[in-house]
Amino acid sequence: MSNESPIKSTFLTQAEAIIVENLANEQFGVSELADAMSMSRSNLLRKIKKLTQLSASQFIRQVRLKEAMELLKDNSSTVSEISYQVGFGSTSYFIKCFREQYGYSPGEVGKNTVVVEPEKVQTNILKRYRWPLIAATSLAVIIIGIVLFNKKDAKNEPKTEKSIAVLPFKNESSDSTNLYFVNGLMESALNNLQKIEDLRVISRTSVEKYRKTDKGIPEIAEELDVNYLVEGSGQRVGNQVLLNVQLINASTDTPIWVEQYNREVEDIFELQNDVAKKIADAIAAVVTPAELEQIEKKPTENLLAYDYYLQALDPYYSRTEEGLEKAIALFEKAIEQDSEFALAYANIAISYYLLEMSQLEKQYTEKINSFADKALLYDSKSAESLVAKAFYYIQTKEYNLALPHLDKALEYNPNSSLAVQMLAEFYSHMLPNTNKYLEYALKGVQLTVASDSITQSYTYLQLSNALVSSGFADEALKYINKSLDYNAENYFAPHLKAFILFAKDGNIKRTRNLLLNEWKKDTTRLDILQDIGKLYYIEEKYDSAYSYFKKFVKAREVNGLDIYIQENVKIAQVYKEMGLDKKADELFNDFSEYCKGDQSNYKSVNLVWKYAYEGKINEAVEELRIFSKAENYLYWFLLIEDEPLIKPLKSHPEFDGIIQKIKDRFWENHAKLKNNLENSELI
């Protein structure tokens with residue numbers, strides 16, 4: 001420990017102390033440790049990985065095993081008793097982990113057949129013996145010294161990351177309708193592996209482009225940034241399932257595990273579980289009892305219900321209106337066969353949410369809630385069930401209730417790209433937090449590496465937006481250009497790029513011209529339309545601002561859209577400047593209602609605009625003071641002083657000081673965030 005930095009030592013000492021305090025609690029895991037240390041789960045994972053080269057789960061297990069060693073030395077309890085005292089729910093799993101950690105069973109410690117702890121032997125031998133001294137000692141000491149020295153070297157060698165992608169399985173049947181069944185086998189293999197925290201598993205959308213590829217294994221692995229690939233082919237013949245699967249080491253392009261299965265359809269779930277467990281074993285992935293329980297869980301006992309479920313997956317993942325409606329019908333057929341099919345209930349709820357995600361008038365809210373509740377009733381530890389319920393709370397704008405469901409979903413499925421994407425969206429604008437937004441946007445890139453060009457383009461778009469929101473304009477420009485390289489037709493990338501360039505140099509005229517060019521390509525673009533109006537508003541060119549805001553407001557009303565309500569106060573100001581007081585009042589009243597329901601850390605700044613509009617200078621400045629104490633806010637709020645609504649506040653004697661505090665706080669946070677990201681090699 002003497003070589004550790006004080007920061008590292010303090011952090012790990014604190015973490016170990018918290019784990020020891022909760023030693024007997026089998027359920028005390030990564031999420032609980034993160035909460036106890038007042039950190040996000042992902043930050044904890046990243047920091048522990050950086051300091052120890054272990055996953056957070058491995059670190060917790062290591063602390064438990066060290067404490068077990070001390071208890072075993074006392075020789076006052078049985079191995080079984082000690083296993084439960086240190087938080088292992090299974091004695092056999094405890095023995096397995098202990099043997100992997102120390103090289104011998106816990107029973108040998110109890111019998112006093114082991115004199116000293118391996119860590120102490122290793123340290124003392126290496127300090128005492130150097131190569132000249134080893135040459136002069138007995139053969140036994142030489143062998144011990146070499147073995148222990150090599151063990152230390154092995155620990156210092158960089159470990160191969162356990163990153164894996166499951167490529168689309170091939171349909172070996174001449175019957176094309178059999179494809180959904182083979183796809184289902186691939187999906188189950190992917191889903192089971194995603195539940196293992198020790199693995200980084202690439203999402204389904206990332207691998208779909210390789211369904212008919214001529215590329216070789218090394219090239220695919222390089223594009224996906226993984227070290228292992230799973231290939232498979234299969235078919236269903238009558239009541240038989242034929243499946244060939246192989247796990248390939250990408251660096252050598254050689255199989256390290258191959259299996260041929262010929263099972264009856266009734267054994268489909270055992271087959272799927274066996275594939276996941278053998279792949280994990282082949283690459284020495286640590287699978288906890290809780291993860292094993294998740295993997296071995298059968299989605300349904302009814303094979304016809306499962307068949308309908310498999311048929312629904314392809315249209316479900318299409319995410320089109322037609323596809324989602326088709327998927328709902330098939331999931332409902334699955335439920336008719338098994339009224340306790342949690343996955344089917346969850347996917348119906350998710351489908352209904354996606355169908356009306358941007359609509360002002362919501363007609364499926366109760367259906368989403370009902371199906372999500374049934375999904376949780378029949379499987380409360382399913383990531384899909386938890387995401388479904390989170391969607392209901394997002395639909396009803398109860399964001400504080402949605403968040404724990406998304407966090408828990410990620411705990412049960414650490415590689416869930418849907419949960420990660422939703423958390424990025426969540427921290428983008430539902431409960432805004434720029435640090436967390438960037439964190440999940442970066443994780444989203446890790447899980448959707450090199451997907452089809454369109455998906456990858458939008459992944460980089462999300463990351464670029466997260467970066468510029470946190471003040472990383474140069475890095476944002478890099479990724480928005482990557483987004484356009486992948487898909488020059490990306491619908492939103494040019495829009496975002498215009499504002500990234502504005503963040504770099506503040507050229508409002510160029511920004512407005514770039515947006516006008518984009519809007520002329522598609523005059524139905526309401527996102528660009530309101531931004532053009534806003535730029536004219538900032539320049540106090542109210543005639544021009546009104547001409548664009550008028551089109552925006554009319555289109556929003558005609559289409560029944562619940563979008564950009566937070567901008568209504570600025571639109572109202574423009575209408576008021578144009579003498580349209582009645583419509584201005586209507587827009588402002590909608591904004592006031594929005595403020596009442598605002599749960600975000602931007603509530604105070606929204607009230608600044610509200611009071612400024614009403615001419616209540618003191619109240620507006622007081623809300624500005626409250627906002628100056630906020631954390632992790634958007635870069636764009638640094639420009640608030642230039643807005644026409646805010647200019648009257650400049651006469652207040654405390655205004656300049658508060659604005660400076662907002663800027664200082666942002667850049668201090670930016671510097672810390674930059675340091676963390678650079679240390680984690682994320683930027």
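The values are calculated or read from the model by the stated rules, or taken from the named source; none is laboratory data. What you are looking at is a predicted structure, and each value in this text was computed from that prediction instead of being measured. With ideal geometry, Cβ positions are generated from the backbone for all residues, glycine too; neighbour counts draw on all protein chains shown.
Looking at segment 56-77, which of its residues are of a type in the set (Ser, Thr, Tyr) and more than 24 Å from the chain's Cα centre (by Cα)?
76, 77
Please go through segment 304-341 and give me each residue that is part of a loop (DSSP other than H, G, I, E, B) and exposed (fewer than 15 other Cβ atoms within 10 Å of the Cβ), ordered by number.
319, 320, 339
Against the definition (surrounded by fewer than 20 Cβ atoms within 10 Å (Cβ to Cβ), of a type in the set (A, V, I, L, M), outside the structural domain of residue 356 (by TED's automatic domain parsing) and under 25 Å from residue 416 (Cβ atoms)), how does residue 276 come out, yes or no?
no
For (1) hydrophobic (A, V, I, L, M, F, W, C); (2) buried (at least 19 other Cβ atoms within 10 Å of the Cβ), each residue gets a yes or a no:
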site: 490; (1), (2): no, yes
site: 502; (1), (2): yes, yes
site: 513; (1), (2): no, no
site: 523; (1), (2): no, no
site: 532; (1), (2): yes, yes
site: 535; (1), (2): yes, yes
site: 546; (1), (2): no, yes
site: 550; (1), (2): no, no
site: 560; (1), (2): no, no
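Suppose we keep only residues that are among the aliphatic types (A, V, I, L, M) and touching a residue at least 40 places away in the same chain (Cβ under 8 Å) within segment 349-382. Which one would you say is surrounded by the most Cβ atoms within 10 Å (Cβ to Cβ)?
349
Against the condition over 30 Å from residue 486 (Cβ atoms) and without any contact (Cβ under 8 Å) to a residue 12 or more places away in the chain, how does residue 270 come out, does it pass?
Answer is yes for this residue.
Taking the condition of being touching a Leu at 6+ places or on another chain (Cβ under 9 Å), modelled with pLDDT of 85 or more and assigned to a helix (DSSP H, G or I), how many residues in segment 12-33 meet it?
Total meeting the criteria: 5.
With a cut-off of at least 3 residues that are closer than 28 Å to residue 33 by Cα and small (Gly, Ala, Ser), name the helices (runs of 4 or more DSSP H) lying wholly within segment 351-461.
Helices (runs of 4 or more DSSP H) meeting the threshold: 383-395, 417-425.
Of the numbered conditions (1) in a helix (DSSP H, G or I); (2) at pLDDT below 90; (3) surrounded by 13 or more Cβ atoms within 10 Å (Cβ to Cβ), residue 675 satisfies every one except a single condition; which is it?
Failed condition: (3).
Inspect all residues belonging to segment 162-176 and state whether any of them is of a type in the set (Asp, Glu), on the phi < 0 side of the Ramachandran plot, outside any helix (DSSP H, G or I) and out of contact with any Pro (no Cβ under 6 Å at 6 or more places or on another chain).
The answer is yes; a qualifying residue exists.
If the requirement is being touching a residue at least 60 places away in the same chain (Cβ under 8 Å), part of a helix (DSSP H, G or I) and either closer than 26 Å to residue 566 by Cβ or of a type in the set (Phe, Trp, Tyr) (or both), which of these qualifies: 498, 476, 503?
So the residue among 498, 476, 503 that is touching a residue at least 60 places away in the same chain (Cβ under 8 Å), part of a helix (DSSP H, G or I) and either closer than 26 Å to residue 566 by Cβ or of a type in the set (Phe, Trp, Tyr) (or both) is 503.
For residue 231, state whether it is in a helix (DSSP H, G or I) and farther than 22 Å from residue 343 by Cβ.
No, not satisfied.
Can you report the number of residues in segment 554-585 which are closer than 22 Å to residue 612 by Cα and in a helix (DSSP H, G or I)?
Result for segment 554-585: 18.
Can you pull out every residue in segment 599-631 that is within 16 Å of residue 573 (Cα to Cα), in a loop (DSSP other than H, G, I, E, B) and either modelled with pLDDT under 95 or of a type in the set (Lys, Arg) (or both)?
Listed by number, the list holds a single entry, 616.
Any idea which of 622, 631, 654, 593 is among the charged types (D, E, K, R) and surrounded by 15 or more Cβ atoms within 10 Å (Cβ to Cβ)?
Exactly one of 622, 631, 654, 593 is among the charged types (D, E, K, R) and surrounded by 15 or more Cβ atoms within 10 Å (Cβ to Cβ), namely 622.
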